[in-house]
Amino acid sequence: SPPATSPPIEEVTVRGVRGEPGRQEMTAGEVKQMPGSFGDAFRAIEAMPGVTPLLSGVPYFLVRGAPPGNTGFFIDGVRVPALFHLGVGAAVVHPGLIDRVDFYPGGYPARFGRFTGGILSGDIAPTPERTHAEASVRLLDAGGLVSAPIADGRADVVASGRYGYPGPMLSLFAPDVGLSYWDYQTRVRWRVDDRNEVGAFVFGSFDSLSTRDSTTHQWSEALGIQFHRVDLRWDRKTSATGSLRVALTLGYDRTAAGGGTSRSTVADSAGNSTTTTSTNPEDAIESQTVGLRTEWLESLSPDLDVRLGSDV
């Protein structure tokens, strides 16, 4: 019989984009399929190796042993003090705004800087070309998002927010503990011409954890966290493959702890006791920040990118 002929050899070439070393990326689509993330991209970070919450319900993390103060949290290039609300762990921005989250447990890019721990960075999704709206109602909070093009497509606006009402649910397990939170986000962009675009990204978050004294039944704030950001941007296409961003950021942060009540009992020589109730002063830390940053990216070839930047 004639010898069997071997099948022809096919050569297959696969091309792709190599990711940054050390970066772990999660897209919004991947997060929606991850159990326990509740659709929040930042919430999914807790499932990554090397990430441990500082305390249950507190929005600060140890990344590979580094304390929270040495870990950077960023939303669309803007630094924020926290990514989650107290207690329930919902993200401080609407999940519909997030396109992807990058996690750098170490060896992060130089554009973040000034941290010895990891980096958690979320990028905002592009605005849909048509009007879009979504809403969600849960046992603990309700939120919504609306985006629409305006000015014949030369501009677009996005507005979103969430309001939490965990009090009734929390009272079933801890009647002397109260919790409230809310957040808001607004982004406006205006395309001046084919190469220039100006915009603003305004967002903020508020959390308050309070306790009730069993004797006086008075409520006092045990922990309060809030921040607000205004990021003004100018984006310019420097070439067919290059872009430049100049951004001015204004920020306000406030963290408060204490403000509870204390009681002291004093007995005299006759055995009579006197109880004194006093209110402890609230220990609050406030800060205002002003920042300016520039970022320039140019692709010189398919194999070579150049990125330059500065911030103050």
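The values are calculated or read from the model by the stated rules, or taken from the named source; none is laboratory data. Being a predicted model, the structure only gives us computed values, none of them experimental. Don't worry about glycine lacking a Cβ; one is built from the backbone with ideal geometry, like all the others, and counts go over all protein chains shown. Heads up: the accessible areas ignore ligands, DNA and RNA and are worked out on the full protein's heavy atoms, side chains in. Shrake-Rupley method; radii C 1.70, N 1.55, O 1.52, S 1.80 Å.
Within region 121-165, the set of residues being outside any strand (DSSP E or B), within 30 Å of Asp193 (Cβ to Cβ) and of a type outside the set (Val, Ile, Thr) comprises Ala125, Pro126, Pro128, Glu129, Arg130, Ala151, Asp152, Gly153, Arg154. Checked against the criterion of being of a type in the set (Asp, Glu), modelled with pLDDT of 90 or more and open to solvent by 50 Å² or more (accessible area, probe 1.4 Å), the candidates Glu134, Glu129 yield just one match: Glu134. Looking at this structure, is Gly69 farther than 30 Å from Thr211 by Cα and among the small types (Gly, Ala, Ser)? Taking the combined requirement at face value, the residue does not satisfy it. Reported count of residues in region 53-112, each being in a loop (DSSP other than H, G, I, E, B) and either of a type in the set (A, V, I, L, M, F, W, C) or buried (at least 18 other Cβ atoms within 10 Å of the Cβ) (or both), is 23.
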